[in-house]
Amino acid sequence: MAGGVTRESPVTVLPGVGKVRAACYERLGVRTLGDLLAHYPRAYENRGDLRLLTEARSDGKSAVVLTVASEPKCVRLRSHKSFLKFRAFDDSASCEIVYFNQDYLKNSFPVGSVFRFWGKVEPKGKNGFSMSAPVAEPWAPGVPLRNLCAVWRMTEGLTRKQLERDISAALALLAGDTEDPLPSGLRKARSLCTLSFAERNIHEPESAQALLIARRRLVYQEFFDFSLGISITRSKGRAHGAPVCSNGDISRLTDRLPYTLTGAQQRVVDEIRRDMASDVPMHRMLVGDVGCGKTVCAAAAILIAVQNGRQAALMAPTEILARQHFQELSALFGAIGISCALLIGATTAKEKREIKRALMAAEPEQRLDVVIGTHALLSEGVEFACPGLVVTDEQHRFGARQRAALSDKNAHAHLLAMSATPIPRSLALVLYGDMELSRIDEMPPGRQRVDTYVVDESYRARLNGFIGKQLAQGGQVYVVCPAVEEQETQPDEVELCDLNPDGSVRENREEKPPLKAAVAYAAGLAQLFPEYAVAFLHGRLKSREKEEIMRRFAGGEVGILVSTTVIEVGVNVPNACLMIVENAERFGLSQLHQLRGRVGRGSRKSYCILVTGGTGPVGERSRERLQVMRTTYDGYAIAEQDLAQRGPGDFLGMAGDGSVRQSGALTFRLANAAEDAGLMTEAAADAKAIAADDPGLEQHPLLRERVNGMFSIESGLLS
Ligand code: ADP
Ligand code: MG
């Protein structure tokens, strides 16, 4: 730790990093040196795949070893521009190399010297080639060059060279910091390399094998830190105690429902009732497929809290969902004298003040019983005179950080989390290892089945006809396309999952089909169906705009909703009867199942059509994979399939396109291969053991630092 520099030091301690670059880093979520090292590469360039000029790739960059044949010439252009030009050759051909505005390189390429050039090789003239601004590394026998070179997610104003240099500098500055946060016994038992080896090799891999070893440690560490954090949050919560809500009679609610609870709902309500009657805070996760009726269970929990003199908060991930809950619940609660308010972004400042005041009212008669909102409730400075229960809907959308913040702010409240993501058992054990799990595994009677089809492009005309038919009958249509603005891995780049266990690069990577240009696609539909409104929902819209579009769709004004983002889980538009998913092969089965759950919510016969884009054997394989969707409607069975096919990434807060879905939420950055599930279980077990043994992490100051940093709660999880 040279000169007191630690992982917590800001990036500005690095030479040459000032305010401007720090602002760039901020956009990448990087503030400290530790953050910088955790800005893992998104892919690697395989510069070890040496080619002759005549065999260079036509679809990306190549590495060629060339001898300089002519002295670099500097050509000046008007307007202060210039370029440097020389020729170089290998056994197959010769090539012109050009650098723009870099006169200072003039003396770097003496005639006869040999370099490995990395760049795009373009044909030029009859038998020649050219390369523009290639990366050049001196090639000398016995001096090995790095074959795998990291490619990072970038941001405007930051060059790759700068990032490369800054990471190198950070690694060097922290090189003295050899103490490993993991006890060495554990490291040995799980055959893990040291953290400093891992961090160096993930960014600057000595070899493909070293890279895989590094990745394994980092994936383990991510799971481990997470598990440790939640284990500790939990034991902290237990120590606080919670209000005993002994009156668990919910007949006031059930008497007013137009249906009776299913057996599964009944069981869940019993579990909640039992939890809330105890002074140990409830910490329960309620999982159940879309439409299984979780909301009424939440209503029961809220009723129990309120009739025991306590208040409750219900938080949803979006304003649309919060509104929906408010409409449904305020009607129910109003009838039995429970007061309920909606607090969202659109709420006026005056109303907000009113609500906050009513929540803190000393007199029970004036006190507001229930507040419903988005998780912004956490940051809005909302406080309760008499907190009893916090319910979060679609909990998987909350990261660990929010979860910890929740427990921190409501240490004396019961917590009920709900999710429609049917997490496979093995993962649930790890992700929600700190929570009791309830499952609703039974649908209310009379649910219709959404007929599902897997088709390819050849079906397009019939598909359009089918859309027209549904619209004509008064139905509404969802079309989901994978994100347009996604950053694709270049053909010359290697992803970690493309490496074989022995470090060699896997050949014949599957060709990815081109993405539907969603904008053009929406415009095309608008032309085809001029008498209906077509709306386009995409990730770049402000949340206000998104909400507005969703509102118009829900109100029936919009006939076709084309969306590049996954439509909010839980959104209820009963009139929608057709879900079309374009490039369906790019989604996980569980995501498709979620999407399918958007239709079939009303009385209309509903359909889900999965359109695949691939051709040839690749297309064939992806259609095969999707066939499960035709016959299986059980979210858990689908989730297990998904885990086997695609690994845990989808369940860990990654979007379908591999991008990270939510900032602020803790996501796993590296975990995405199927084999990680085993590592995850090991890491969780190890973390649990350490937390049980040493809940204050007194013996493990480095782990303590990591956990506090990761969960970054004002007070620190462990003080
Ligand atoms: P989710 O679990 O996806 O949140 P909801 O709570 O929104 O599902 O319930 C979906 C629909 O099912 C609602 O319209 C609700 O009124 C209805 N519902 C819930 N429970 C039952 C039941 N036991 N019998 C019939 N309908 C029910
Ligand atoms: Mg719901």
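The values are calculated or read from the model by the stated rules, or taken from the named source; none is laboratory data. The shown structure was predicted, so the numbers you read here are calculated from the model rather than taken from an experiment. Positions of Cβ are generated from backbone atoms using ideal geometry, with glycine treated the same way; all protein chains shown enter the neighbour counts.
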Leu77 passes all but one of the listed conditions (1) under 20 Å from Gln162 (Cα atoms); (2) loosely packed, with under 15 Cβ neighbours inside 10 Å; (3) aliphatic (A, V, I, L, M); the exception is number (1)
Hey, any hits in the stretch 271-279 for a residue that's basic (Lys, Arg), more than 16 Å from ligand 2 (Cβ to nearest atom) and within 28 Å of Arg447 (Cβ to Cβ)? yes
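Condition check ((1) over 33 Å from the mean Cα position of the chain (by Cα); (2) in the same structural domain as Gly112 (by TED's automatic domain parsing); (3) charged (D, E, K, R)) across all residues:
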{"site": "Leu28", "(1), (2), (3)": "no, no, no"}
{"site": "Gly34", "(1), (2), (3)": "no, no, no"}
{"site": "Ala38", "(1), (2), (3)": "no, no, no"}
{"site": "Thr54", "(1), (2), (3)": "yes, yes, no"}
{"site": "Arg76", "(1), (2), (3)": "yes, yes, yes"}
{"site": "Lys81", "(1), (2), (3)": "yes, yes, yes"}
{"site": "Ala88", "(1), (2), (3)": "yes, yes, no"}
{"site": "Glu96", "(1), (2), (3)": "yes, yes, yes"}
If we ask which residues in the stretch 2-42 are at negative phi and either small (Gly, Ala, Ser) or assigned to a loop (DSSP other than H, G, I, E, B) (or both), their number turns out to be 21
Of (1) assigned to a helix (DSSP H, G or I); (2) at pLDDT 90 or above, Ala150 satisfies every one except (1)
Sole miss for Lys161 among (1) assigned to a loop (DSSP other than H, G, I, E, B); (2) exposed (fewer than 15 other Cβ atoms within 10 Å of the Cβ) is condition (1)
Cβ pairs under 8 Å, 6+ apart or interchain, first in the stretch 382-394 and closer than 17 Å to Leu343 by Cα and touching a residue at least 12 places away in the same chain (Cβ under 8 Å), second within 16 Å of ligand 2 (Cβ to nearest atom) and in a loop (DSSP other than H, G, I, E, B), ordered by first then second residue, are Thr392/Phe398; Asp393/Lys294; Asp393/Pro317; Asp393/Gly570
In the set Gly388, Gly373, the lone residue that is assigned by TED's automatic domain parsing to the domain that holds Ile320 and either at pLDDT below 80 or more than 24 Å from the chain's Cα centre (by Cα) (or both) is Gly388
In the set Leu33, Leu53, the lone residue that is closer than 20 Å to Ser113 by Cβ and surrounded by 13 or more Cβ atoms within 10 Å (Cβ to Cβ) is Leu53
Of those in the stretch 266-320 that are within 11 Å of ligand 1 (Cβ to nearest atom) and part of a loop (DSSP other than H, G, I, E, B), the residue surrounded by the fewest Cβ atoms within 10 Å (Cβ to Cβ) is Gly291
Arg323 passes all but one of the listed conditions (1) in contact with a Ser or Thr (Cβ under 8 Å, 6 or more places away or on another chain); (2) away from ligand 1 (no atom under 13 Å from the Cβ); (3) within 30 Å of Leu592 (Cα to Cα); (4) without any contact (Cβ under 8 Å) to a residue 40 or more places away in the chain; the exception is number (1)
### Task
Report yes if Ala242 is hydrophobic (A, V, I, L, M, F, W, C) and at pLDDT below 95, otherwise no.
yes
Filtering the stretch 422-464 down to residues that are farther than 26 Å from Thr262 by Cα, assigned to a loop (DSSP other than H, G, I, E, B) and modelled with pLDDT under 85 yields Gly433, Asp434
task = Examine the stretch 608-625 for a residue that is in a helix (DSSP H, G or I), surrounded by fewer than 17 Cβ atoms within 10 Å (Cβ to Cβ) and acidic (Asp, Glu), and state whether such a residue exists.
result = yes
Note on the stretch 96-155: residues aliphatic (A, V, I, L, M) and over 22 Å from Glu206 (Cβ atoms) are Ile97, Val98, Leu105, Val111, Val114, Val121, Met131, Ala133, Met154
Residue hits (the stretch 321-344; outside any helix (DSSP H, G or I), within 16 Å of Val390 (Cβ to Cβ) and at pLDDT below 95) are Leu343
Exactly one of Ala322, Ala305, Ala349 is touching a Leu at 6+ places or on another chain (Cβ under 8 Å) and away from ligand 2 (no atom under 15 Å from the Cβ), and that one is Ala305
Residue set Asn101, Asn107, Asn147; condition polar (S, T, N, Q) and crowded, with 16+ Cβ neighbours inside 10 Å; output residue Asn147
Result of the Cβ filter at 6 Å on the stretch 540-558, keeping first residues that are outside the structural domain of Pro317 (by TED's automatic domain parsing) and surrounded by 14 or more Cβ atoms within 10 Å (Cβ to Cβ) and partners that are at pLDDT below 85 and in a helix (DSSP H, G or I), at least 6 apart or interchain, is Glu547/Glu319; Glu547/Ile320; Met550/Ile320
Do we have any residue at all in the stretch 527-538 that's modelled with pLDDT under 80 and hydroxyl-bearing (Ser, Thr, Tyr)? no
When you scan the stretch 61-69, do you find a residue that is within 43 Å of the chain's Cα centre (by Cα) and assigned to a loop (DSSP other than H, G, I, E, B), even just one?
yes
Taking the stretch 40-55 and keeping residues touching a strand residue (DSSP E or B) at 6+ places or on another chain (Cβ under 6 Å) and of a type in the set (A, V, I, L, M, F, W, C) leaves Ala43, Leu50, Leu53
Over the stretch 120-147, the set of residues at negative phi, assigned to a loop (DSSP other than H, G, I, E, B) and under 40 Å from the mean Cα position of the chain (by Cα) is Lys120, Pro134, Pro144, Leu145, Arg146, Asn147
